[in-house]
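The values are calculated or read from the model by the stated rules, or taken from the named source; none is laboratory data. In this text, all values refer to a predicted model and were calculated from it rather than measured experimentally. Quick reminder, even Gly has a Cβ in these numbers, built from the backbone with ideal geometry, and neighbours come from all protein chains shown. Remember, those area values only see protein heavy atoms, side chains included, never the ligands or the DNA or RNA. Shrake-Rupley method; radii C 1.70, N 1.55, O 1.52, S 1.80 Å.
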Amino acid sequence: MDLVSALSSDRQRFLIAGWTKLAGKLSGWSAWPLRLIVGYGFIIHGWAKLSRGPESFAAFLHALNVPLPLFFAWATTVTELIGGLCVLCGAFVAAASVPLSVVLLAALFTVHLHYGFFSVKLAGISPDGVKFGPVGYEHILLYLAGLISLAIGGAGPISLDGWLIRRAGRDRVRSDAKDGLTGRLRTHPSEL
C-alpha cells in the first residue's frame, strides 16, 4: 500500500508541476479573450449610439440633466468606438482604459447604480414571454475589472502593444550592437 500511495503522490506532483509550467507559458495569452470581448463590447455600444444618431443619445443625457448633452453624446460615442478599437487591437490599452473607465463610471452613477447590482432581473412572465427589469451595475463592474486587468497586465503578445515592445527590444539590441555598448549598462541620459 505504501508503494501505491507514493506512486499516486508522485503522479499528483507531476500533474501539478506540468499544469504550473503550462499555465506559466500560457499566462501571457490570457489578455487576448478579455481584449476581444471588452473591445468588441465598447465598439458595439459606440456603434449603436452612432447608428441611432448621437442626437438620440443626447436626448437621453438631457433627461438625466447632464450638462452639454450633445457634446457628451458625441464624446461618449467617439470614446467607445476609438477606445474599443484600441482595446480590441491591443493598442495603447493602458491609455485607452482611462477615458473608457470615465464613460463607465458616468454610466454607473447616472443610470445603473439605483437599479441594484444584478444585470438580469426577471420582472415577470406574460403570454408574450419573459419580461426583464432595468439593468443594474454588474456589467459595469465587469467591464471596469477587464480594463483594469488589461491596463495592469498588458495587452499580451497578440497585440499592437506587444509588437511595439518586441520591436523596441530588437531596436535596442541593434543599437547596442552598433554602438558597441553590448554588455554594459547605459547610465548617462544621453546614452538612452
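Each residue of the range 50-60 was assigned a 3J(HN,Hα) from its phi angle through the Karplus curve 6.51 cos²θ - 1.76 cosθ + 1.60 (θ = phi - 60°); the sequence is 5, 5, 7, x, x, 4, 5, 5, 4, 4, 4 Hz, with glycine and proline shown as x. Relative to the Cα centre, what is the charge dipole magnitude of the range 1-123, using +1 at the beta carbon of each Lys and Arg, -1 at the beta carbon of each Asp and Glu, and rounding to the nearest 20 debye? For the range 1-123, the charge dipole is close to 200 debye. Paramagnetic label reach from residue 36 (point 7 Å along Cα→Cβ; backbone nitrogen cut-off under 18 Å): within the range 58-98, residues 84-91.
3J(HN,Hα) along the range 82-92, derived from phi through the Karplus expression 6.51 cos²θ - 1.76 cosθ + 1.60 where θ = phi - 60°, amounts to 6, x, x, 5, 4, 5, 4, 7, x, 10, 6 Hz, with x in place of Gly and Pro. Close amide H partners of residue 90, meaning residues 5 or more places away or on another chain with modelled amide H under 5 Å apart, are 160.
In order along the range 134-147, phi translates into HN-Hα couplings of x, 7, x, 9, 3, 5, 5, 5, 5, 4, 4, 4, x, 5 Hz, rounded to whole numbers, per the Karplus curve 6.51 cos²θ - 1.76 cosθ + 1.60 with θ = phi - 60° and x for Gly and Pro. The figure for residue 20 is an accessible area of roughly 80 square angstrom, using a 1.4 Å probe on the protein chains alone.
Per atom type, the range 60-175 shows carbon and sulfur on 75% of its accessible surface, probed at 1.4 Å.
Note on residue 29 and residue 44: the model spin-label points, each 7 Å out from Cα along the C-beta direction, lie 2.4 nm apart.
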